[in-house]
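Notes for the one structure printed next.
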Amino acid sequence: MHHVVSLPVEFLFSLTANTNMAGIIANGPSGTRVVIDASDGTFEGPKMKGIVKGPGGDWATVRPDGVLQLDVRVLLETDDGAVILMQYKGIGIDGAANIRTAPLFETGDERYAWLNSIQAVAHGSVGEGNVTYDVYALR
């Protein structure tokens, strides 16, 4: 079997979401749950651009091994009026300076229906009051 050393991807967009701490559930069964609001921001790429709108956020867990496990749902609204759900799981290490995720998309807008069958991958990092990602479609 041939092992691929790099994955074929197509750049979809860069996204920056403003973040606010919504609540912390310390010492839960899986670790400490950190709920982060991410209800506004922007995204832009060659085929789509627009805003991040609420409600949306991350129900992340800081595991006992220190790794951040993401559980995110955000709404994207394109500049031409389509609404797209982007949801993903992911892993953050180095204090969330290095985040890797696997987004999926859901929309009923025919102009963006091509997103419904994409498995995306993204990498990003947490900044001061925001999170930034570059999102790619696996090809």
Using a Förster distance of 35 angstrom, determine the FRET efficiency expected from the C-beta separation of H3 and L75, and round it to 0.05.
0.40
What is the sum of charges, Lys and Arg at +1 and Asp and Glu at -1, for the other residues whose Cβ falls under 9 Å from the Cβ of G57?
-1
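Taking other Cβ within 10 Å of each residue's Cβ, how do R33, R111 sort, fewest first? Intermediate values should be presented prior to the final figure.
Details: R33 18, R111 13.
In increasing order of surrounding Cβ atoms, one gets R111, R33.
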Local electrostatic count at T19 - Lys and Arg +1, Asp and Glu -1, tallied over other residues with Cβ under 15 Å:
-3
Listed values (1) 15.4, 50; (2) 14.6, 42; (3) 15.4, 47, entry calculated as Rg and Dmax of the Cα atoms in Å
(3)
Residue by residue through the range 45-62, which ³J(HN,Hα) values in whole Hz follow from phi under the Karplus form 6.51 cos²θ - 1.76 cosθ + 1.60 (θ = phi - 60°), with glycine and proline marked x?
x, x, 10, 6, 7, x, 10, 8, 10, x, x, x, x, 10, 9, 7, 10, 8
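Throughout, read-outs are computed from the coordinates displayed, never taken from laboratory work. Quick caveat: nothing in here was measured; it's all calculated off a predicted structure. For neighbour counting, all protein chains shown are included, and Cβ atoms are generated from backbone atoms with ideal geometry for every residue, glycine included.
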